[in-house]
Amino acid sequence: MQKRARTLKSKTIYCGRVVELKVDRVIEPGGVETTREVIYHPGSVVIVPHLPDGRLILVRQYRYAARQSLWELVAGGLEKGETPRQGARRELLEETGYRARTLKPLLEFYPSPGILTEKMHLVEAWDLTPAKGEPDADERIEVGFFTVDEVMKMIRSRKIHDGKTLVGMLWLFGRGSATW
């Protein structure tokens, strides 16, 4: 059995600033020949920022696709040629106005592997110091500071709807509170 899919034909339907949509005719491992619609994305970083007093930083911004403002971990797309570490430093400064002395990679995951190539890189940020934020022109971001208990209550009461934030926080909570 083949280990990778073989692309028979690929057609670009849309190519935008962030994503590209293709319709691919493929033979998947196991011999299944099918058509797949795939959104190609360069990848992103998700940052869990820890303040020296133990609180976490979340950001709230309007998400047009969800039609609402959401509390989220700091995150953003990787720019061309940028490493996850570089992207994490840039996004943290842009969205929160903080710099991190220490970044610790935690895990990588695919938010929607059935249709999207995006790989998210989850990173912890420690030893934060305030700096001048540099938000993108099209972003209106509210920065919030929360204790671990407050974030856990937000998750339990279903006030956090963002998938990357749920993955990041539940992964951290799952490894035990002794590391906080």
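The values are calculated or read from the model by the stated rules, or taken from the named source; none is laboratory data. Bear in mind the structure is a predicted one, so any value in this text is a computation, not a measurement. Here Cβ is always computed from backbone atoms with ideal geometry, including for glycine, and neighbour counts include all displayed protein chains.
Every condition in (1) exposed (fewer than 14 other Cβ atoms within 10 Å of the Cβ); (2) more than 13 Å from the chain's Cα centre (by Cα); (3) on the phi < 0 side of the Ramachandran plot; (4) in contact (Cβ under 8 Å) with a residue 60 or more places away in the chain holds for ASP127 except the one numbered (3). Residues in region 24-56 that are surrounded by 11 or more Cβ atoms within 10 Å (Cβ to Cβ) and under 28 Å from ALA75 (Cβ atoms): 19 in all.
When residues in region 40-61 are screened for being part of a strand (DSSP E or B) and out of contact with any Lys or Arg (no Cβ under 7 Å at 6 or more places or on another chain), 11 of them pass. Among all positions in region 63-79, there is at least one residue which is touching a Pro at 6+ places or on another chain (Cβ under 7 Å) and either part of a loop (DSSP other than H, G, I, E, B) or among the basic types (Lys, Arg) (or both).
From the list LEU107, LEU92, LEU128, the one residue that fits, being assigned to a strand (DSSP E or B), aliphatic (A, V, I, L, M) and modelled with pLDDT of 95 or more, is LEU128. In the set (1) on the phi < 0 side of the Ramachandran plot; (2) among the charged types (D, E, K, R); (3) surrounded by fewer than 19 Cβ atoms within 10 Å (Cβ to Cβ), the condition left unmet by GLU72 is number (3).
Evaluate region 145-163: report whether one residue or more is under 16 Å from the mean Cα position of the chain (by Cα), under 30 Å from GLU37 (Cα atoms) and surrounded by fewer than 16 Cβ atoms within 10 Å (Cβ to Cβ). Scanning region 145-163, I find at least one residue that is under 16 Å from the mean Cα position of the chain (by Cα), under 30 Å from GLU37 (Cα atoms) and surrounded by fewer than 16 Cβ atoms within 10 Å (Cβ to Cβ), so the answer is yes. Taking into account only those residues within region 80-99 that are without any contact (Cβ under 8 Å) to a residue 24 or more places away in the chain and either touching a Gly at 6+ places or on another chain (Cβ under 6 Å) or loosely packed, with under 13 Cβ neighbours inside 10 Å (or both), which is farthest from GLY133 (Cα to Cα)? If we take residues in region 80-99 being without any contact (Cβ under 8 Å) to a residue 24 or more places away in the chain and either touching a Gly at 6+ places or on another chain (Cβ under 6 Å) or loosely packed, with under 13 Cβ neighbours inside 10 Å (or both), then GLY81 is farthest from GLY133 (Cα to Cα). Kindly check whether there is at least one residue in region 105-123 that is basic (Lys, Arg), at negative phi, touching a Leu at 6+ places or on another chain (Cβ under 8 Å) and in contact (Cβ under 8 Å) with a residue 24 or more places away in the chain. Checking region 105-123: not a single residue is basic (Lys, Arg), at negative phi, touching a Leu at 6+ places or on another chain (Cβ under 8 Å) and in contact (Cβ under 8 Å) with a residue 24 or more places away in the chain.
Return yes or no: is LEU70 under 17 Å from ASP162 (Cβ atoms), touching a Lys or Arg at 6+ places or on another chain (Cβ under 7 Å) and among the hydrophobic types (A, V, I, L, M, F, W, C)? For LEU70, the condition - under 17 Å from ASP162 (Cβ atoms), touching a Lys or Arg at 6+ places or on another chain (Cβ under 7 Å) and among the hydrophobic types (A, V, I, L, M, F, W, C) - is met.
Here VAL32 fulfils each of the conditions (1) on the phi < 0 side of the Ramachandran plot; (2) modelled with pLDDT of 95 or more apart from (2).
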